[in-house]
Amino acid sequence: MTEKGFTDEERAAMKERAQELKARRRGKADGESDVLAKIAEMPEADRVLAERIHAIVKESAPDLTPKTWYGMPAYAKGGKVVCYFQSAAKFKSRYATFGFNDTAKLDDGAMWPTSFALTELTAAEEARIRKLVERAVG
C-alpha cells in the first residue's frame, strides 16, 4: 500500500479553512450567513439533515455561535468549536456525521462517543441530539 498524502477532499477542506481564517481576520466573516450558505450548497439529503441540525443546535444552545470550520457548519463557544455537521458528500462517505470537539462537556468515565453517523433524523434522534448539545455546553 502506498501513501499518497491528502485526498482532494482533504486539501479542499484545508483551503476552505485558510479562507475562513482570512475572512475572520479581515472582519468579513458572518457566521450565520456563512453556515446557511454552506448548507444551501449541500446535496439534498445532506441539506435536509444540516437544516434540522442547525435548528436543533440554535434552539438547544442559543449561546453557541454558528461559523464555518473546514467548510462545515459548526457551532462555537468563546471562539472554540463545540460541535459540527459533516455532510456525507464532503468526504464521499456513506453517512453524514454530527460531531463534538474536546471543548464539549460530554465526558463519561474513561471513554465516550464524540461523533455520530446520521442517515436520517427522526424524533428520537432529534431528542438525543438536543440532549447532547445541551450537555456539551453545560
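The values are calculated or read from the model by the stated rules, or taken from the named source; none is laboratory data. As the structure is a prediction and not an experimental result, all values here were calculated from the model. Heads up, the Cβs are rebuilt from the backbone with ideal geometry, glycines too, and the neighbour counts pull from every protein chain shown.
When the range 46-74 is filtered for residues that are touching a residue at least 40 places away in the same chain (Cβ under 8 Å), closer than 22 Å to K131 by Cβ and among the hydroxyl-bearing types (S, T, Y), only S60 remains. If you filter the range 88-130 down to residues that are charged (D, E, K, R), part of a helix (DSSP H, G or I) and without any contact (Cβ under 8 Å) to a residue 60 or more places away in the chain, you find that the one that is surrounded by the most Cβ atoms within 10 Å (Cβ to Cβ) is E125. Within the range 10-26, restricting attention to residues that are of a type outside the set (A, V, I, L, M, F, W, C) and loosely packed, with under 14 Cβ neighbours inside 10 Å, which residue is farthest from Y70 (Cα to Cα)? It comes out as R26.
All of (1) in contact with a Cys (Cβ under 7 Å, 6 or more places away or on another chain); (2) modelled with pLDDT under 95 hold for F100 with one exception: (2).
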